[in-house]
Amino acid sequence: MDLQLENRSALVCGGSSGLGFGVAEALAREGVRVCLLARNLSKLDLAVERIRRNGGEAQAVAVDLNDLGAVDMAIEQVVAAIGAPDILVANNGGPPPINAVDFDPSLWHRQLDAMLLSTMALVNAFLPGMRQRRFGRILMISSTSVVEPIPGLVLSSALRGALANWAKSLSAEVAADGVTVNTLMPGSFWTERTETLLLRAAERSGTPVSSLMAKEQAAIPVGRYGAAEEFGAMAAFLASPRASYVTGVLIPVDGGVLKG
């Protein structure tokens with residue numbers, strides 16, 4: 001199916017690896033000019049090279065989303081690289097694992113900037129152009145923890161929940177202007193973050209990583225981790241004109257884990 005995305009432009013946050021790269025790669029295959037936003041310049045360069053090697057058009061901007069001042073500077077660089085984006089993929093790296101009783105105000109403030117306020121700043125910068133052009137796609141890459149909090153990941157659960165509710169409110173305000181706002185809730189995908197969390201869990205529990213992997217995959221109805229390419233395909237559809245009647249929703253991409 002032709003997604004009618006050729007000659008569109010997209011900003012993909014966290015686009016150097018994992019699910020963010022999966023989304024960027026899928027969009028580039030559809031003819032979208034993509035700009036990848038992430039902290040690690042060497043990873044960004046590798047991601048851009050890979051997309052270009054496969055015939056896509058990609059640029060990169062290195063920025064730390066913890067620093068709102070740096071986000072403002074990055075906005076100018078994004079526009080210089082690809083113009084005002086038609087598609088904004090808000091995808092922030094997961095915060096460190098903590099429990100609800102572990103109160104660290106400075107950590108909460110840093111993650112609030114990185115996960116919530118930085119996304120709001122990007123939307124605030126690019127939304128007016130989307131509304132004026134009568135086309136825009138805003139995708140929030142979140143987590144199933146929005147619906148079912150994950151033990152030990154309270155920062156992620158709380159802040160992603162706040163962002164999902166903000167996105168829902170925003171979707172109603174801009175729907176008549178041709179702009180859709182949706183939240184994707186990935187379940188267990190095999191990414192660098194998944195591997196990191198498994199290694200930490202194995203170290204804490206003394207359980208082999210292979211055993212933890214088997215247990216996690218057994219709890220997924222499809223019986224395996226998802227692949228970033230599968231997630232990218234769903235995101236590309238939602239970013240396209242084909243999905244113009246889909247807005248304001250939370251969509252699980254989790255292999256059937258969520259029951260409600």
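The values are calculated or read from the model by the stated rules, or taken from the named source; none is laboratory data. This structure is a prediction, so every number in the text was calculated from the model and none was measured. Neighbour counts are summed over all protein chains in view; Cβ atoms, including those assigned to glycine, are modelled from backbone coordinates with ideal geometry.
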- Note on the structure: Taking the stretch 159-179 and keeping only residues that are surrounded by 16 or more Cβ atoms within 10 Å (Cβ to Cβ), under 16 Å from the mean Cα position of the chain (by Cα) and among the small types (Gly, Ala, Ser), one is left with GLY161, ALA164, ALA167
- Message: Can you tell me which residue is farthest from ARG242 (Cα to Cα) among those in the stretch 57-78 that are out of contact with any helix residue (DSSP H, G or I) (no Cβ under 7 Å at 6 or more places or on another chain) and buried (at least 18 other Cβ atoms within 10 Å of the Cβ)?
- Response: ALA74
- Applying the selection to the stretch 81-107, what residues are under 20 Å from ALA70 (Cβ atoms) and modelled with pLDDT of 90 or more? ALA81, ILE82, ALA84, PRO85, LEU88, VAL89, ALA90, ASN91, SER106, LEU107
- Task: Assess whether ALA100 counts as being assigned by TED's automatic domain parsing to the domain that holds GLY232 and within 14 Å of the chain's Cα centre (by Cα).
- Result: no
- Message: One residue is enough: does the stretch 119-130 have a residue meeting the conditions without any contact (Cβ under 8 Å) to a residue 12 or more places away in the chain and under 18 Å from the mean Cα position of the chain (by Cα)?
- Response: yes
- Task: Scan the stretch 235-252 for residues that are buried (at least 20 other Cβ atoms within 10 Å of the Cβ) and either part of a helix (DSSP H, G or I) or among the aliphatic types (A, V, I, L, M) (or both) and report the count.
- Result: 4
- Query: If the Cβ limit is 9 Å and pairs must be 6+ apart or interchain, which residue in the stretch 196-214 that is of a type in the set (D, E, K, R) pairs with which residue that is not in a helix (DSSP H, G or I)?
  - Reply: ARG200/PRO97
- Item | Selected residue (criterion: nearest to the chain's Cα centre (by Cα)) from residues of the stretch 39-56 that are among the charged types (D, E, K, R) and loosely packed, with under 15 Cβ neighbours inside 10 Å | ASP45
- Single residue of the stretch 167-189 satisfying the filter (at pLDDT 95 or above and of a type in the set (Gly, Ala, Ser)) that is nearest to ARG242 (Cα to Cα): GLY178
- Task: Within the stretch 188-231, count every residue that is closer than 23 Å to ILE141 by Cβ and outside any helix (DSSP H, G or I).
- Result: 12
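If you scan the stretch 139-155, which residues turn out to be assigned to a strand (DSSP E or B) and in contact with a Ser or Thr (Cβ under 7 Å, 6 or more places away or on another chain)?
Here is the first cut: in the stretch 139-155, the residues assigned to a strand (DSSP E or B) are 139-141, 153.
Correct list: MET140, LEU153.
Would you check if there is a residue in the stretch 188-199 being more than 25 Å from PHE21 (Cα to Cα) and among the charged types (D, E, K, R)?
As a first pass, look at the stretch 188-199 and keep what is more than 25 Å from PHE21 (Cα to Cα): none.
Within the stretch 188-199 (the criterion being more than 25 Å from PHE21 (Cα to Cα) and among the charged types (D, E, K, R)), the answer is no, since none of the residues qualifies.
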- Message: For the stretch 190-199, check the following and say yes or no: at least one residue is within 27 Å of MET120 (Cβ to Cβ), at pLDDT 95 or above, buried (at least 18 other Cβ atoms within 10 Å of the Cβ) and within 16 Å of the chain's Cα centre (by Cα).
- Response: no
- Query: Looking at the stretch 7-38, which of the residues that are under 10 Å from the mean Cα position of the chain (by Cα) and β-branched (Val, Ile, Thr) is nearest to ILE82 (Cα to Cα)?
  - Reply: VAL12
